[in-house]
Every structure is written in structure tokens, then in C-alpha cells.
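The values are calculated or read from the model by the stated rules, or taken from the named source; none is laboratory data. For clarity, every value in this text was computed on a predicted model and none was experimentally measured. All Cβ positions, even for glycine, are placed from backbone atoms using ideal geometry, and neighbour counts span all protein chains on display. Each accessible area value is taken on the protein alone, full model and side chains, heavy atoms only, with ligands, DNA and RNA left out. Shrake-Rupley method; radii C 1.70, N 1.55, O 1.52, S 1.80 Å.
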Amino acid sequence: MDFIRHILGFNADSPLLFTQFYFWAFFALVYALFALIMEAVPNRLGNKKLHLRNVYLLFVSWFFYYKTSGLFLLILAFITLSEWLIAAQVHKHLNSAALNRPQAAKQDASPLHAKILLALSVTIDLGLLAYFKYAYFFTNMINDLFGTGFRVFDIFAYIGNGFSQAGRFSVDTIVLPVGISFYIFQVISYTADVFRGRIQPVKNILDFGFYVSFFPQLVAGPIVRAEEFVPQLYKPFHLSRRAFGIAVFWIINGLAKKIIMSDYLAVNLIDRVFDNPLLFSGFENLFALFAYSLQVYADFSGYTDIAIGVAMLMGFYLPMNFNSPYKSQSPQEFWRRWHMSLGRWLKTYLYIPLGGNRKIGFGTYFWWTLIAFVSAALTGWWWILIPFGVFIVAVAIWNKIQISNQKSAISNQRKLLYANLNSFITQVLGGLWHGASWNFIIWGGINGIGMIVEKIWREMNWHIRFTTMTLLTGGLCIADYLTNLPVWRLFAVWAAIIWVVTAVRYIYFLCEGAETKFTKALGTAWAVLQTFTFITFTRLFFRSSSNLDPATANEVAWETAKNMVNQIGGAWTNAVIGPFLVEYRWVVAMFVAGMVIHWLPTNWKRRYRLLFSAMPLWLIVIVVCLAIVLIYQFVTADMQPFIYFQF
């Protein structure tokens, strides 16, 4: 009985993880029954057979989520039911309005009832997300602003205590349900697409529940939009020999990324440095920061690889979520390659509705005003509302003048302004999606600023570029000299390096040097290196906010980030670098190997993926067994959870 309770019951200390043997035993049983359904049930039953498969995988997915999150399964079930009912009513009102609409009326005019239902859906979804994920954040912000002493209160635990033993659930802490950020965004996209008429609502609630809770991608993505996945619910199962080989490859590739690379770097260096940066030198802090960039990529993309492979074995195809992001030549390109499903979601349901590069409206002014007040509250510098206000008013006046002067076409300057204003909002809110901490907001804001600077830089001619970098580098060097603060020294060194390269390219431009393959390759390498460095430094705020108790996240995260900046921007000695490279030689070797593999040409990776899938089955079995033996040599004593489980 103890064994059965362990197998079927929820244990917070032992969730179902892709890196555990228990998960693969679970999946082997699930897949065996899945194969039995696919083979034993006659094909002539058609849709009934597919419905049986979907219902089976729905309950499997719910069991998986229960093993991962316990009674939070009830939240998932509630979201599934409410979204299915609301979307059906939205579609009903849209159809009714279309039938009663005069021929001369606009075809895109949505009825008020459908808009109210869409607003209700978004309110329920974001309300639950805000409650579970941002309760501590908003409570602390209100207490800091008004000097109050509010504390969080778990209303769901209170209700649970009313139906069970008194005191069984703690009402003084709010626990974040695993994967809630992912499935909330997923169901919002579903109702929004039904409202827009892009998809038909799913008629059967069990099929819809399966779409929402499909277990490979449930707890850490990718965020699967309904128009990508729902049509697959009604397609007959098909798994070709090549697809089977590629699915197995993705699973092994993901396990190797997670266990060999991500966990090894974390346990042997990164966690040690971030736990106490002051015990390590500036070089060690800097190397740990770069290593974390590789760790978070290997961890998150490793999960996605496994999810894609497991789903493919069952005949379902999930969207690509990563496309070698550290090959990017600009911050904007990076965000097209990193967490692609979230990027597409934010672009479709936030950036474009705000106006994209076509316009700015109430939403843009509202969010910029809110960012101004939040920035003032965060820093205590209320005077910054003045420049923010002047900027917002100036933008509104300039935009009005431009609209009056150019009614037929939007100039490139206006497009650039609109894109910058709306993309910055998108990046800040994207940062907030990742976690309830000021550091996540700062991280999103810095990425937004990076994208704006890169777009403006691209529009500059070489004379302005060189002059700008000269003035900026000189100003930062003066600030470093006058203040002697590590943060200014860090910026000054970085700016000086960029200035040297800019000067060389400027001289080459003045000499009218023609672009060759060699100079183009150098330019690409420099752009990739600069983008990787920029993204890595933004990770300082991302990592210092991760894996923390929400009640203390802001204070601890800021202290960690400040200490690391002070160490990196402080004095370095050559004596520290040599011993580090010797003592951590295997960590350094792992980092170098990981970056080399990441930077391999895409067609090379595709070739060895196809080569693996084309091997005879007996050879695939041998390679997989050898790979598993190798991978599990790197397993740590305490299994490392996936980083994005906390989001």
C-alpha cells in the first residue's frame, strides 16, 4: 500500500521530471497503452478512435500534472472549463451578429456581448495568474509606497481547510502552481483567436482539455497556440520511421543538454558564485555569468527538445522554441530566436494590438505612464516623472503633427518611433511575465533599451556613430574617474572596447574600403559577440531573481546583482585567473564545448540529426543505451529542477 500511495500520490519533493527514471517508467506504460489503443481499436471507427485517444491522453496529462503540482490540478480544471464555456459563447454571439448584420455594415465589427465575454475571459485568466504569481510583489510594493503592513493570504488554502482537516493548508503563504504562466497564456490565445474568427471553437470539452493540458509541454512550454495544435486532434496517428528516429534524437539531445551541460555547470560553479559572489574574484564572477547564459539555454531548450520528442512519438508536433539564439547579431534577432513561442504570443496579443510600428494609441500612453510611476516609486526619485511627462507629451504632439501632415503614408521615422515605444512595453511586460521581482522588470527593460539602441544605431551614418561612441566613452571614463565606482568602470571598459572597433571600422569606411567576405565575416563575428555579451549581462538580473522565495526575492536579488557588479567592476589580478583555469578546467572545457556546438552551422546539425534517424533500429538502440550510460554519469546527488518550472 505504501508503494501504491507513492506511485499514485502527490509528493512535493518528488515531482515527475524528464530527468528522473520514474518519468520514463511512467511514459513507457503510457506509451504501451497508447500503442494498444492505436493498434487494437479498428480504424473504421474514425473520429471515435481519435476521441478515445484524446480522452486517454487527457487523463494521463492530468495525472502527470497532479504528480507535479498536487491539488493545483483543480485550478487547471477550472481554467479549462471556464475557457471552453466562454469561447463557445463568444463564437455563438459572433455568429448571431453575423447573421443579423446588414450587408452594408462592416464585417469586422464585433458585437458588444462577444467583447464583454472576451474581457471576462482575460480578467479571470490574468486575475488567477496575478494572484498566484504577483501577490507578494504587489503587496510589498503597496507596503513600501504607503507604509502599510498588509500580508498575503491564500484564499484557496482557506477554502480548502473548510472542506478538510482544519489547518491542513497554510493560509500565510501562496505557492505558485507549476506551469501556470504557460497554460494561462495558452488559453488566452485560444479565446482571442475564436473572437478574431481565426479558429472554430473545440466542440468537445475533453478534446479542449487535452489541448490545454498535453503533458509534454504543460509545465514549461512551448506555448502552443490553438491554431497550431487543435487541428492535430483530429488527424489520424502517423509515425514514420524517420520521425521516430528524429523524436528519439530530440529526447537524447535534450537530456544531454540538461544533465551533462546545464546541471554540471550549475552545480560545479554557477550556483556557488551566485550564492556568495563576494567569495569569488571579478574574473570568476564574470565567467560564472557567461556560463549561466549557456546553462539557462541548455536547461530550457533541453526541456523543449524532450517535450518535442515525446510529443512526436505520439504523433503530435510542437513548434520550435529555440533557433541557436546565441548566433544572433542583434538583441532584436535574439528575441526572434529565443523562447520563440512566447515571442510570437507577445507579438500577436500585445505588440500588434498596441499598434506595432503602425500607430500609438491609448494603450501605448497608458503603459508608458504606468512605467513612469513605477520607476519613480521604485527609485524614490519622483522628479523623474517630469522628464517622463515631457517625453510622453512631446511624442503625442509630434505624432499628431505627423498624422496631420502625412495622412496617406507612414514615414520611416514614425514607424521607428512606434516600434520602439511599443516594443519597449512588450519587453518590460515580458520580463514581468517571468517573475514577480523588480529585477525581472529591470531585465525586461534593459532588453527593451538594447533593442531600441540597436535600431537607432542601424539608422546612423558612420560619422555620427563614431562621434557618439567617442562622447559616450569619454563621459563614462570621466564618471569612473570622479566616482571610482565599479559599475562605471565596467561600463567604461565595455564602451572603450566598442569604441576601438568602431574607430577601426570608421577608418575603413573613410578609406572607402570595399566589403569582402573576410570583412563581412569579421563584422558578423563581432555582432554575435557583442549581442552575446549584452544578453549575458542582462542575465545578471534574471539569475539573481530566480529560485528565490517571493517574500524576499526583491531584496536578495538586488543584493546579489550589486555584489556581482562590484566584483566584476573591481580590480583584477592575473594571479587569480591562472589558478581558476586550472581548478575549474573541466567547467571551462564544458563551457567552451557547449559554445562551439551551439555555434556550429545549422545545416551540420540537421545532417547529423538526419543521419541518426536513418540508422538501423538496432544501431539506434545501441547508441541510445551508450548515450544514457554517459548522460547519467553526470547526474548530481540532488536532481536539479528545470529553471522554467518556476515560471
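Output the residues belonging to region 118-175 that are part of a helix (DSSP H, G or I), among the hydroxyl-bearing types (S, T, Y) and at pLDDT below 75.
Across region 118-175, the qualifying residue is only Y158.
Starting from region 436-457, keep only residues that are in contact (Cβ under 8 Å) with a residue 24 or more places away in the chain and open to solvent by 30 Å² or more (accessible area, probe 1.4 Å), then list their pairs with residues that are β-branched (V, I, T) and part of a helix (DSSP H, G or I) whose Cβ atoms are within a distance under 6 Å, requiring at least 6 positions of separation or different chains.
Note: pairs meeting the criteria are I446/T538.
Identify the residue in region 505-522 that is at pLDDT 85 or above and open to solvent by less than 90 Å² (accessible area, probe 1.4 Å) and, among all such residues, is nearest to the chain's Cα centre (by Cα).
A521
Check region 77-96 and report whether any residue there is open to solvent by 50 Å² or more (accessible area, probe 1.4 Å) and modelled with pLDDT under 80.
Looking for residues that are open to solvent by 50 Å² or more (accessible area, probe 1.4 Å) and modelled with pLDDT under 80, one finds at least one in region 77-96, hence yes.
So E228 clears everything in (1) open to solvent by 10 Å² or more (accessible area, probe 1.4 Å); (2) closer than 25 Å to F18 by Cβ; (3) in contact with a helix residue (DSSP H, G or I) (Cβ under 8 Å, 6 or more places away or on another chain); (4) part of a helix (DSSP H, G or I) except one condition, right? Which one?
Evaluating E228 over (1) open to solvent by 10 Å² or more (accessible area, probe 1.4 Å); (2) closer than 25 Å to F18 by Cβ; (3) in contact with a helix residue (DSSP H, G or I) (Cβ under 8 Å, 6 or more places away or on another chain); (4) part of a helix (DSSP H, G or I) leaves (3) as the failure.
Return the residues of region 576-619 that are charged (D, E, K, R) and either within 20 Å of K327 (Cβ to Cβ) or in contact with a Ser or Thr (Cβ under 6 Å, 6 or more places away or on another chain) (or both); say none if nothing qualifies.
If the condition is that a residue be charged (D, E, K, R) and either within 20 Å of K327 (Cβ to Cβ) or in contact with a Ser or Thr (Cβ under 6 Å, 6 or more places away or on another chain) (or both), then K605, R606, R607, R609 are the ones that fit.
Search region 234-287 for residues being among the basic types (K, R) and surrounded by fewer than 21 Cβ atoms within 10 Å (Cβ to Cβ), and hand back the single one that is farthest from Y211 (Cα to Cα).
Residue satisfying both the conditions and the ranking: R272.
Here are the criteria: (1) open to solvent by less than 30 Å² (accessible area, probe 1.4 Å); (2) in contact (Cβ under 8 Å) with a residue 60 or more places away in the chain; (3) not hydrophobic (A, V, I, L, M, F, W, C). Tell me which single one S301 does not satisfy.
Against the list (1) open to solvent by less than 30 Å² (accessible area, probe 1.4 Å); (2) in contact (Cβ under 8 Å) with a residue 60 or more places away in the chain; (3) not hydrophobic (A, V, I, L, M, F, W, C), S301 comes up short only on (2).
Taking region 323-335 on its own, how many of its residues are in contact with a His (Cβ under 9 Å, 6 or more places away or on another chain) and surrounded by fewer than 18 Cβ atoms within 10 Å (Cβ to Cβ)?
1
Can you find even one residue in region 357-364 that is touching a Ser or Thr at 6+ places or on another chain (Cβ under 9 Å) and either surrounded by fewer than 22 Cβ atoms within 10 Å (Cβ to Cβ) or within 29 Å of L529 (Cα to Cα) (or both)?
Within region 357-364, one or more residues are touching a Ser or Thr at 6+ places or on another chain (Cβ under 9 Å) and either surrounded by fewer than 22 Cβ atoms within 10 Å (Cβ to Cβ) or within 29 Å of L529 (Cα to Cα) (or both).
Could you check region 587-625 and list, in sequence order, the residues that are of a type outside the set (F, W, Y), farther than 27 Å from A291 by Cα and in a helix (DSSP H, G or I)?
The answer is R607, L610, L611, S613, L617, L619, I620, V621, I622, V623, V624, C625.
Checking Y22 against (1) hydroxyl-bearing (S, T, Y); (2) modelled with pLDDT of 80 or more; (3) touching a helix residue (DSSP H, G or I) at 6+ places or on another chain (Cβ under 8 Å), which single condition isn't satisfied?
Y22 satisfies all of (1) hydroxyl-bearing (S, T, Y); (2) modelled with pLDDT of 80 or more; (3) touching a helix residue (DSSP H, G or I) at 6+ places or on another chain (Cβ under 8 Å) except (3).
I'm trying to understand the selection: among the residues of region 574-611, which are under 30 Å from A479 (Cβ atoms) and either without any contact (Cβ under 8 Å) to a residue 24 or more places away in the chain or open to solvent by 80 Å² or more (accessible area, probe 1.4 Å) (or both)?
N574, A575
Residue check: is W443 within 27 Å of Y506 (Cα to Cα) and aromatic (F, W, Y)?
So W443 fails the test.
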